[in-house]
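*Asks:* There's a structure below that I have some questions on.
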Amino acid sequence: MYLLNDKIRELQPYEPLEGNYPIRLDANESFLSVPSNVALKMVEAFTGSTFHRYPDPMAKDVCAAFAAYYGISPQNVTAGNGSDELISVLLTGFLMKGDTVLTLTPDFSMYRFYSSMTEVKCLELTKRPDLTIDVDELISVANQNNAKAIVFSNPCNPTSLGIPREEVRRLLRSVEALVILDEAYMDFWNQSLLDEVNDFSNLVVLRTCSKALGLAALRLGFAVANETLTKAIRSIKSPYNVNTVTQNVAAVVLSEPSVLDAATKTLVNSRQELQSELLRVAQPYANAVQVYESCTNFVLLKLSNAQQVYAALLQRGIAVRCMGSYLRITAGSPAENTALIAAIEDILRQVVPS
Ligand SMILES: *Cc1c(COP(=O)(O)O)cnc(C)c1O
């Protein structure tokens, strides 16, 4: 009889929350759909796609549109089937049997998952109790353990906190390891190293179209690195990793800088609104509820009764993400934020002693 190996025997398929929740604030997606004039161009891009041929393996047009929007060179850009695929490709290709990868906790769970699939040793450095990163400690743990790669998100999902780019530069200069810097949320902040990849031999920046750019359905991410690393990344990815429809449709959207800028601004405003309202409703419960200062499109709360509050929100048709004693709440439309705030205010009154 065939037996599954130890690596995969206990694994369960990734299942996002199922069920009918009218308000979904659990996956950090954009709440904005594309404007109808852009949607029309997307339809044309779909119709104009050549379906009986394989996609362009280098995804040239969409990489060029991405590079133009961010003011960088397309020679530094590789497209992936979501940045998730790129995390997997980088860990599989740049690490060898017996190597160590270093990540942080709490951080994006996929780093650990893809490390375990690659069968490399994954070290997790625990963040400070206030969820900030001790960069000196990160450097010394990386060097002491001869880490071959360091992967983390900045700003971080789920903490919503970021470290200034000077700290990341210091890390880059102090380690031999490849630094995989996941900037999935950097559209909402201003500490990107995207335009400095040529200054470092060991930097790969990951970006995604799933958050600020509002294209989670298309599955598209980018790895940005110097030309030597880029050549290696292009050589280890699977050739036709990004389908033609995604390439063509995303190229249309990435060529609309004013639409993207406006959307990002709207999302940041929504998060500021959500954050200040959460601070207001948390105020009477200062000992039980903590609201973190976000530089992303979501807000993190720490509260003793997180599970109870989570369940009560679900009961009211509002889905957020619950992780231990934390709730991660994506900024939504004004109406969604208002409904969430009213619900939380009500629930806290019932479950948290003030
Ligand atoms: C959402 C997210 C991504 C994006 O993944 P895609 O595969 O591009 O959708 C990457 N990293 C982090 C930390 C995220 O939260």
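*Asks:* Among DSSP beta bridges whose residues both lie in the stretch 155-301, state the antiparallel percentage, nearest 5. Don't jump to the answer; show the numbers that get you there.
*Replies:* Values: 6 of 10 bridges.
Around 60 percent antiparallel, to the nearest 5.
*Asks:* Tyr240 accessible area, nearest 10 Å², 1.4 Å probe?
*Replies:* Looks like 110 Å² after rounding.
*Asks:* Of the peptides 146-159, 268-281, how do they stack up when ordered by the mean number of other Cβ atoms within 10 Å, highest first?
*Replies:* Going by the mean number of other Cβ atoms within 10 Å, highest first, we get 146-159, 268-281.
*Asks:* Which peptide among 322-335, 33-46 comes first, and what is the full order, when sorted by highest mean count of other Cβ atoms within 10 Å?
*Replies:* In decreasing order of mean packing, 322-335, 33-46 become 322-335, 33-46.
*Asks:* At 1.4 Å probe size, with the rest of the protein present, what percent of the exposed accessible area of the chain is carbon and sulfur atoms? Display every interim value, and only then the final one.
*Replies:* Working: 8630 of 16730 Å².
Using a 1.4 Å probe with all protein chains present, the chain comes out at 52 percent carbon and sulfur.
*Asks:* Let me ask something else. What does the charge add up to near Asn226, with Lys and Arg as +1, Asp and Glu as -1, over the other residues with Cβ less than 14 Å from its Cβ?
*Replies:* Cβ neighbours under 14 Å give a net charge of -2.
*Asks:* Too long at a 28 Å Cα-Cα cut-off: which of Lys211/Lys237; Lys211/Lys302; Lys127/Lys148; Lys148/Lys237; Lys127/Lys237; Lys237/Lys265?
*Replies:* Beyond 28 Å between Cα atoms: Lys127/Lys237; Lys237/Lys265.
*Asks:* Can you give me the C-alpha center-to-center distance between the stretch 32-48 and the stretch 185-234, rounded to a whole angstrom?
*Replies:* Using only Cα atoms, the two centres lie 24 Å from each other.
*Asks:* At q = 0.13 Å⁻¹, what log₁₀ I(q)/I(0) does the stretch 267-354 have when each alpha carbon counts as one equal point scatterer in the Debye sum?
*Replies:* -0.34
*Asks:* Which trypsin sites (Lys or Arg not before Pro) does the stretch 75-133 hold that lie in a coil by DSSP with at most 13 other beta carbons within 10 Å?
*Replies:* Lys97
*Asks:* Might you report the magnitude of the Cβ-based charge dipole of the stretch 1-95 about its Cα centre, with Lys and Arg at +1 and Asp and Glu at -1, to the nearest 20 debye? Mind dumping the intermediate values first?
*Replies:* Numbers: 6 positive and 11 negative charges, 60 e Å.
Using only the charged Cβ atoms, the result is roughly 280 debye.
*Asks:* So, counting K/R as plus one and D/E as minus one, what does the shell of residues with Cβ under 15 Å around Ala149 add up to?
*Replies:* Computed value for this residue: -2.
*Asks:* So for the stretch 156-202, Kirkwood radius off the Cα pairs, Stokes-Einstein at 10 °C and 1.306 mPa s: how many µm² s⁻¹?
*Replies:* It comes out at roughly 139 µm²/s.
*Asks:* What nm distance separates the two modelled labels at Arg170 and Thr132, each placed 7 Å from Cα along Cα→Cβ?
*Replies:* The two pseudo-label positions are separated by 1.1 nm.
*Asks:* Compute the signed sum of charges (Lys and Arg +1, Asp and Glu -1) over the other residues within less than 12 Å, Cβ to Cβ, of Ala251.
*Replies:* Combined, the nearby Lys, Arg, Asp and Glu give -2.
*Asks:* Relative to the compact-globule scaling 2.2 N^0.38 Å, provide the ratio for the alpha-carbon radius of gyration of the chain.
*Replies:* Its radius of gyration relative to the 2.2 N^0.38 Å reference: 1.02.
*Asks:* Defining a contact as two alpha carbons under 8 Å apart and six or more residues distant in sequence, what relative contact order in percent does the chain show?
*Replies:* Computed over the chain, the figure is 23 percent.
The values are calculated or read from the model by the stated rules, or taken from the named source; none is laboratory data. Here the structure is a predicted model, which means the values were calculated and not measured. Neighbour counts run over all protein chains shown; Cβ positions are idealised from the backbone, glycine included. SASA here: full protein model, heavy atoms, side chains in, ligands and nucleic acids out. Shrake-Rupley method; radii C 1.70, N 1.55, O 1.52, S 1.80 Å.
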